[in-house]
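Q: Got a structure for you, written out below as C-alpha cells; questions coming shortly.
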There are 2 protein chains.
Amino acid sequence: MGNSKLYKGSLNTIILKLLDENGKMYGYEITQKVKALSGGDLNITEGALYPALHKLEAEGLLEVEVAKVDNRLRKYYKLTESGEKETVNRLAELEDFIRSMQKLVNPNWSID
Amino acid sequence: MGNSKLYKGSLNTIILKLLDENGKMYGYEITQKVKALSGGDLNITEGALYPALHKLEAEGLLEVEVAKVDNRLRKYYKLTESGEKETVNRLAELEDFIRSMQKLVNPNWSID
DNA sequence: TAAATATACATAAATTTCTTATGCATAAAA
DNA sequence: TTTTATGCATAAGAAATTTATGTATATTTA
C-alpha cells in the first residue's frame with residue numbers, strides 16, 4: 001500500500017472479501033474500490049496487488065476470466081469453491097487477530 | 001510468530017504496549033505474557049522477538065538494564081521518553097488499521 | 001540420577017510481503 | 001498534444017517474519 005496504515009498480510013484478506021461480496025472484479029477495479037471504501041485513506045499499489053492475485057490464483061483460490069472492454073484488457077477474478085471456504089477462514093483469523101490485539105493492547109476495544 | 005494469527009508489523013506495537021503497561025519486562029517474560037493473555041493462541045518466536053527488541057533499542061524507543069537472577073541472565077527493557085510517545089502513535093495506527101479493515105471487510109464490526 | 005523440560009539469551013538463512021521503480025498499451029481529458 | 005486515467009505486468013530492494021540452530025543454567029520427571 002502506498003501508506004503505512006495496513007499490516008502486512010491483510011491484503012489477501014481484503015481481496016478475498018471483496019471478491020466474495022462482488023462476485024467478480026478485475027485488478028484495477030479492486031484498487032479503486034479500496035480507495036473509495038477507505039475514503040482515499042488506503043492505496044493498494046499495483047506492485048503488491050498483481051503478484052498477490054497471481055499467487056491466490058496459483059493456490060487455487062481464484063480463477064480468471066479474460067475480457068476485452070473498449071479495446072482494453074481486463075482480467076476478472078472470482079473465488080473458486082476452495083477460495084470461498086478459505087475466505088471464511090481468513091475472515092475468522094482476522095477477527096481472532098483483532099480480538100487478540102484487543103486483549104493485548106487495549107481492553108477497551110471490542111468487536112460487536 | 002509461530003502461528004498465522006498475527007499480521008506482520010503488529011509485534012512492535014505489542015511490545016511497546018506491554019512495556020507501557022508493565023513498566024519493565026524481559027524478553028522471555030514477554031513471550032509468556034502474550035501466550036497467557038491470548039489464551040495460548042499467540043506464540044511470539046524468539047527469532048522474531050529478540051531482533052525486534054534490539055531494533056527498538058537502536059531506535060531509542062527502549063532502554064536496557066541487565067540483571068542476574070538465579071545465576072541466569074535477564075535483560076529488562078523499558079520505554080524511553082521517546083518510546084512512550086511512539087507507543088501512543090503506534091496504538092493510534094493500530095486503531096486506524098482496525099477501522100479500515102472494518103470498513104473493507106466487515107461493516108458489522110466496530111471499535112468502542 | 002539421568003534425561004527432559006523450562007528458563008534465558010542470541011544469530012543466520014530463507015521466506016513472505018510489501019515498496020519503489022519501471023515498462024507496455026489504449027482511451028479520455030485538458 | 002500532452003497529461004491523466006485505465007489496465008496489465010515484472011524486477012530490485014527493504015522489512016518483518018519463520019525456521020533452524022547454538023549456548024548455558026535451573027528445575028522437574030522418570
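The values are calculated or read from the model by the stated rules, or taken from the named source; none is laboratory data. Please read all numbers here as calculations on a predicted model, not as lab measurements. No Cβ is skipped: glycine too gets one built from the backbone with ideal geometry, and neighbour counts run over all protein chains shown.
Q: So which residues in the stretch B:20-33 are within 13 Å of DNA strand C (Cβ to nearest atom) and not charged (D, E, K, R)?
A: B:25, B:26, B:27, B:28, B:30, B:31, B:32 - these are the residues of the stretch B:20-33 that are within 13 Å of DNA strand C (Cβ to nearest atom) and not charged (D, E, K, R).
Q: Name the pairs: first residue in the stretch B:69-86 and touching a residue at least 24 places away in the same chain (Cβ under 8 Å), second residue assigned to a strand (DSSP E or B) and within 6 Å of DNA strand C (Cβ to nearest atom), Cβ to Cβ under 6 Å, at least 6 apart or on different chains?
A: Listed by first residue and then by second, the contacts come to B:74/B:26; B:75/B:26; B:76/B:26.
Q: So the check is Cβ under 7 Å with 6+ separation or different chains; which pairs have a first residue in the stretch B:34-48 that's more than 11 Å from DNA strand C (Cβ to nearest atom) and a second one that's of a type in the set (Gly, Ala, Ser)?
A: Close Cβ pairs satisfying both conditions: B:38/A:100; B:41/A:100; B:42/A:100; B:43/B:2.
Q: Let me ask you something else. Being modelled with pLDDT of 95 or more, in contact with a Lys or Arg (Cβ under 9 Å, 6 or more places away or on another chain) and at the interface with chain B (Cβ under 9 Å from one of its Cβ atoms) narrows it down to one residue among A:17, A:24, A:8; which is it?
A: A:17
Q: Any residue in the stretch B:78-91 that is within 16 Å of DNA strand C (Cβ to nearest atom), within 30 Å of residue A:44 (Cα to Cα) and touching a helix residue (DSSP H, G or I) at 6+ places or on another chain (Cβ under 6 Å)?
A: Within the stretch B:78-91 (the criterion being within 16 Å of DNA strand C (Cβ to nearest atom), within 30 Å of residue A:44 (Cα to Cα) and touching a helix residue (DSSP H, G or I) at 6+ places or on another chain (Cβ under 6 Å)), the answer is no, since none of the residues qualifies.
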